[in-house]
Amino acid sequence: MTPSEPPAATNANARPVPIITVQQHILQEQKRCPGASGEFSWLLSGITLATKMIQAKVRRAGLTDILGSLGDVNVQGEVQQKLDVYANDVLLHCLSVRESIGVLASEENERPLTVHYESPNAKYAVVFDPLDGSSNIDVNVSVGTTFAILRRPVDVELNEVSKWVLQPGTQQVAAGYVVYGSSTILVYSVGNGVHGFTLDPSVGAYVLSHENIRMPERGKYYSVNEAYRDDFPTAYNTYLDKLRTGQFGQAYASRYIGSMVSDFHRTLLKGGIFLYPPTKDNPTGKLRLLYEANPIAFIAEQAGGIATDGTQRILDKSPDSIHERTPLVVGSPSEMQDFQRVMQEHAS
Ligand code: AHM
Ligand code: MG
């Protein structure tokens, strides 16, 4: 540097980047809705608090005696992991003190739980899978929480609690998920785009890190449990064959974590397609419509993607039961259009 040159701008001179926490963001989103009260942001803060507590426990999983099966079998016939139980308890606790919530439905509870359902202030139901992909916990692989918020339909009596939650995904007023991965990230939408927040463990706050996420038009990866290929319907195998042999104009690689929320998170950020098709063992699919497929489909559509059960848009499906299963195919617009074309060709 010559003596006449001005000094380079230093960080001290740069404008500080504003830090936006998820609570600030939720409040900003709420201001867009005329007449919205603070109840909704208070409700969402129950989810953010619970997921911080869950992530703290997940981070210590190898250090404590929490790993392994509790021995109980949940309503799906699966052995519960201890962390499943903890995650469920924490969500139930944090949400049940929010008076705007009338009904809670969880993968881990056979029936919906009523909390303030008799209160005229209770407007919402929350459905969730407290710890998705929990068979991955013992081997240190990412797991997550999925959730959706539904408003009590106007024509439903306070005590008709199943009807609070048995609504198509189009009725979700908010949905999201948290991935407990190499960092903890919360992704949510209130129907106005998709936003991601990374937990800063030093201050315990979710900080805006991925504003207005858009799913890429096309990706490089497909994600499916190929061990079940012999059990997939023919149309799915035709699609996968075409994908693998470059018939959609590009080569693909495969990625499958076996934790839907993590596989979807990659698909959201990098594009591509995630499939959990019907199989011989699970002819209606494995994943649950209300608290797994619907929140993921809501986020996917809000980010410009598509989600279907193979024949129908996920969000249009009317659930008949709390733990109803569905096939799920979700991804970028290009891959999904290719997939839907193959399905139509097989149907005709
Ligand atoms: P879970 O809710 O009991 O954890 O099961 C759901 C999980 C999903 O996260 C994942 O996509 C799927 O099960 C993996 O199943 P599979 O091992 O049959 O591929
Ligand atoms: Mg699950």
* Lys/Arg Cβ at +1, Asp/Glu Cβ at -1, dipole of the chain taken about the Cα centre: which of Ile26, Pro112, Val330 is farthest positive-ward? -> Ile26
* To do: Might you report the magnitude of the Cβ-based charge dipole of the chain about its Cα centre, with Lys and Arg at +1 and Asp and Glu at -1, to the nearest 20 debye?
  => 840
* Asked: If you bin every alpha carbon distance in the chain into 20 Å steps from zero, what whole percent lands in each bin?
  -> 30, 55, 13, 2
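Just how large is the dipole of the range 120-193 about the Cα centre, in debye to the nearest 20, putting +1 at every Lys and Arg Cβ and -1 at every Asp and Glu Cβ? Intermediate values should be presented prior to the final figure.
Working: 4 positive and 6 negative charges, 52 e Å.
The calculation lands at about 240 debye.
Taking the Cβ of Gln337 as the centre, find all other residues whose Cβ is under 12 Å away and add up their charges (Lys, Arg: +1; Asp, Glu: -1). Working shown, then result.
On the way: positive: Arg218, Arg341; negative: Glu217, Glu335, Asp338.
Its environment carries a net charge of -1.
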* Structure fact -> The set of residues whose placed amide H lies less than 5 Å from the amide H of Ser106, leaving out same-chain residues fewer than 5 positions away, is Leu113, Phe128
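Counting helices only, and only those DSSP H runs with n ≥ 4, report the 222 nm mean residue ellipticity of the chain as the sum of -39,500 (n - 2.57) divided by its residues, in deg cm²/dmol to the nearest 500. Display every interim value, and only then the final one.
Details: 8 runs with 97 residues, N = 348.
Estimated from H runs of four or more residues: -8500 deg cm²/dmol.
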* Relative contact order (%) - the chain, alpha-carbon pairs under 8 angstrom, separation at least six -> 14
* To do: Roll a 1.4 Å probe over the protein heavy atoms and report the accessible area of Met53 in Å², nearest 10.
  => 70
* Asked: What's the local net charge at Tyr239, with K and R +1, D and E -1, over the other residues with C-beta under 11 Å away?
  -> -1
* **In sequence order, calculated HN-Hα J values of the range 182-196 (Karplus, 6.51, -1.76, 1.60; Hz; x Gly/Pro)** => 4, 10, 9, 10, 10, 10, 8, 8, 10, x, 9, x, 10, 10, x
* Structure fact -> In whole Hz, the Karplus estimates of ³J(HN,Hα) for the range 224-235 (6.51, -1.76, 1.60; θ = phi - 60°; x where Gly or Pro) are 7, 7, 6, 4, 8, 3, 5, 9, 7, x, 3, 4
* To do: Give me the orientation-averaged projected area of the Cα convex hull of the range 212-314, in nm², one decimal.
  => 6.4
* To do: Compute the Cα gyration tensor for the range 16-210, then decide on rounded, prolate or oblate, letting a ≥ b ≥ c be the square roots of its eigenvalues: rounded whenever a/c is under 1.5, prolate when a/b is larger than b/c in the other cases, and oblate in all that remain.
  => oblate
* **Sequence-separation-based contact order of the range 16-210, relative, with Cα cut under 8 Å and 6+ spacing, percent** => 16
* Taking all protein chains together and a probe of 1.4 Å, list Lys52, Lys280 from the most accessible to the least accessible. => Lys280, Lys52
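If the limit is 20 Å between Cα atoms, which of Lys220/Lys317; Lys242/Lys317; Lys286/Lys317 go over it? Walk me through the numbers before you get to the answer.
On the way: Lys220/Lys317 29 Å; Lys242/Lys317 28 Å; Lys286/Lys317 16 Å.
Correct reply: Lys220/Lys317; Lys242/Lys317.
Counting only other residues whose beta carbon sits under 9 Å from that of His116, what net charge do I get with K and R as +1, D and E as -1? Could the numbers behind the result be given before it?
Details: positive: Arg98; negative: Glu99, Glu118.
Here the charged neighbours net out to -1.
Could you tell me what percent of the accessible area of the chain is made up of carbon and sulfur, with a 1.4 Å probe and every protein chain present? Let's see the in-between values first.
Working: 7850 of 15830 Å².
The computed percentage sits at 50.
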* Asked: Can you list the HN-Hα couplings for the range 161-174, worked out from phi with the Karplus curve (6.51, -1.76, 1.60; θ = phi - 60°), rounded to whole Hz and with x for Gly and Pro?
  -> 5, 4, 5, 4, 9, 7, 10, x, x, 4, 8, 5, 8, 7
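The values are calculated or read from the model by the stated rules, or taken from the named source; none is laboratory data. All values derive from a computational prediction rather than experimental measurement. Note that we place each Cβ from the backbone using ideal geometry, even for glycine, and neighbour counts take in every protein chain shown. These area figures cover heavy atoms from the full protein model, side chains too; ligands, DNA and RNA do not enter into them. Shrake-Rupley method; radii C 1.70, N 1.55, O 1.52, S 1.80 Å.
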